[in-house]
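K.L.:
One structure is given below, represented as structure tokens, and several questions about it will come after.
Rule-based calculations on the coordinates, nothing more; no lab input. It should be emphasised that the depicted structure is a prediction, and the values quoted were computed from it without experimental measurement. No Cβ is skipped: glycine too gets one built from the backbone with ideal geometry, and neighbour counts run over all protein chains shown.
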Amino acid sequence: MKYSIALALLVFIVGAHAKDQRYAYKCHVETIDKHQGIIDVMSKVNSDIAAIKLASKSKFSWPQQKKQAIAKVYQCIPASAKFSSVTVNKLDENTLR
């Protein structure tokens, strides 16, 4: 009986932890005024498509500028990965975090 209660408690704790988990993505975006940049997105779902949807609903600003709406999302990748383009990787390296 003790083991079944302990097992049920363990399953509950693991399930509760999984619901709180967020996945970090970085997205290459273009604002409505044609500036390109890299933004960080935290998604509840481990999916590039979910990250793209979140990024398209976000606003982005550079230091000392107004926030701009996102016009286009080119690519979202996990935060630890590298972009496929050398130019975008340089943009990512120059992005302040």
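K.L.:
Please compute the length gained on full extension between Lys82 and Ala24, using 0.36 nm multiplied by the number of residues separating them and subtracting their Cα-Cα distance.
P.N.:
Additional length available on full extension: 19.5 nm.
K.L.:
What does the extension gain come out to for Ile32 and Thr95, with contour length at 0.36 nm per residue minus their alpha carbon separation?
P.N.:
Answer, rounded to one decimal: 20.8 nm.
K.L.:
Right, another one. Restricting attention to region 50-86, which trypsin sites (Lys or Arg not before Pro) occupy a DSSP loop and are surrounded by at most 14 other Cβ atoms within 10 Å?
P.N.:
Lys66, Lys67, Lys82
K.L.:
Tell me, in nm to one decimal, what length is gained between Met42 and Ser56 on full extension, where the rule is 0.36 nm per residue of separation less the Cα-Cα distance?
P.N.:
Once the chain is fully extended between Met42 and Ser56, it gains 3.7 nm.
K.L.:
Could you work out the relative contact order of region 22-94, using alpha carbon pairs under 8 angstrom and six or more residues apart, expressed as a whole percent?
P.N.:
Across region 22-94, relative contact order equals 36 percent.
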